[in-house]
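Asks: Shown below is the structure under consideration.
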Amino acid sequence: MKFFVDTAEIEPIRELAATGLLDGVTTNPSLIAKSGRDFIEVTKEICAIVDGPVSAEVVALDHETMMKEAEILRKIADNVCIKVPLTVDGLKTCKALTGDGTMVNVTLCFSANQALLAAKAGATFISPFVGRHDDNGFDGIDLIEDIRLIYDNYDFATEILVASVRHTNHVLQAARIGADVMTAPPAVIHALFKHVLTDKGIEGFLADWAKTGQSIL
Ligand code: E4P
């Protein structure tokens, strides 16, 4: 499973990129607002840090203006992936852009039927929001299961990008289902490394090593 980080903050992106485990970045208008940075400038900086897809979202609601915004965004770098909402105009834009060889991430997906439409529109990625789905009394992981089944039934190439990930269990469940990608805030990705027994084990080994009086270097 590919790991994307869901942020527009440069330092956490740099830190995760240095692990060699980061495959891409997703941003959205709220994350850009939170960063306080200029959209184009910060996207350019992120694209230079990470080789994989960097999602940059259009804000227009009509196809024609979405295309104009996408034109500006895709010039930022070769690894920009245009993010469009799951609407009629969004999918029209998706079809036009992917037909042209541009990567497209269709966002704000909350049903398997919506995911089916996005795949038919040639989306590179579909972003079902598991956390927000859970918050509204649905089961986000059930949604991923349905989309996996449907995409496999028809051999769709669209990658399932599990979004709105809130905790490490979302990552585990998404991986069990065989989601292609997950995007999570930096804190959730860092939490994946942690286990209380790993920390305890290191502590014990170091204590015993100190007793030997030896050093490797
Ligand atoms: C995905 O691309 C979105 O940016 C993101 O995952 C939304 O997550 P949220 O529900 O935590 O805002």
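Asks: Using modelled backbone amide H atoms (1.01 Å from N, in-plane), which distant-in-sequence or interchain residues come within less than 5 Å of LYS2's amide H?
Replies: Sorted by chain and number, the residues that satisfy this are VAL181, MET182.
Asks: Express in whole angstrom the spacing between the alpha-carbon centres of segment 1-31 and segment 40-77.
Replies: Answer, in whole Å: 15.
Asks: Tabulate in residue order the Karplus-calculated ³J(HN,Hα) for segment 54-60, using 6.51 cos²θ - 1.76 cosθ + 1.60 with θ = phi - 60°, rounded to whole Hz; enter x for Gly and Pro.
Replies: 10, 7, 10, 9, 6, 10, 6
Asks: Also, quick follow-up: Calculated from DSSP H runs of 4 or more alone, at -39500 (n - 2.57) each and per residue, what is the 222 nm mean residue ellipticity of the chain, nearest 500?
Replies: It lands at -16000 deg cm²/dmol.
Asks: About the Cα centre of segment 49-90, what is the dipole size in debye to 20, counting +1 per Lys and Arg Cβ and -1 per Asp and Glu Cβ, all else neutral?
Replies: Here the size comes out at about 80 debye.
Asks: With +1 on the Cβ of every Lys and Arg and -1 on the Cβ of every Asp and Glu, and nothing else charged, how large is the dipole of the chain about its Cα centre, in debye rounded to the nearest 20?
Replies: Approximately 180 debye in magnitude.
Asks: Setting aside same-chain residues fewer than 8 positions from LYS211, which lysines have a Cα under 19 Å from its Cα?
Replies: Correct list for LYS211: LYS200.
Asks: Follow-up. List the relative contact order of segment 2-109 as a percent without decimals, with contacts defined as Cα pairs under 8 Å and 6+ residues apart.
Replies: Taking the mean separation of contacting Cα pairs over the length of segment 2-109, I get 21 percent.
Asks: I've got another one for you. Report the normalised scattering of the chain as log10 I(q)/I(0) at q = 0.14, 0.16, 0.17 Å⁻¹, calculated by the Debye formula with identical scatterers on the alpha carbons.
Replies: -0.82, -1.04, -1.16
Asks: For segment 39-189, what relative contact order do you get, as a whole percent, if you take Cα pairs closer than 8 Å and at least 6 residues apart?
Replies: Normalised by residue count, the contact order of segment 39-189 is 15 percent.
Asks: Also, I was wondering about something else. Among the helices of the chain (complete DSSP H runs), which have Cα atoms covering no less than 18 Å along the helix axis and a Kyte-Doolittle mean of at least 1.0?
Replies: none
Asks: Could you tell me what a quarter of the Cα convex hull surface of segment 55-138 works out to, in nm² with one decimal place?
Replies: 5.2
Asks: Amide H to amide H under 5 Å from SER55: which residues, 5+ apart in sequence or cross-chain, H placed 1.01 Å off N in plane?
Replies: Those qualifying (amide H under 5 Å, at least 5 residues apart or on another chain) are VAL25, THR26, THR27, CYS81.
Asks: Which entries of LYS75/LYS120; LYS34/LYS68; LYS68/LYS92 have Cα-Cα distances beyond 20 Å here?
Replies: Where the Cα-Cα span goes over 20 Å, the pairs concerned are LYS75/LYS120; LYS34/LYS68.
Throughout, read-outs are computed from the coordinates displayed, never taken from laboratory work. Computed from a predicted model, the values in this text were never measured in an experiment. Using ideal geometry, Cβ is built from the backbone for each residue, glycine included, and neighbour counts are taken over all protein chains shown.
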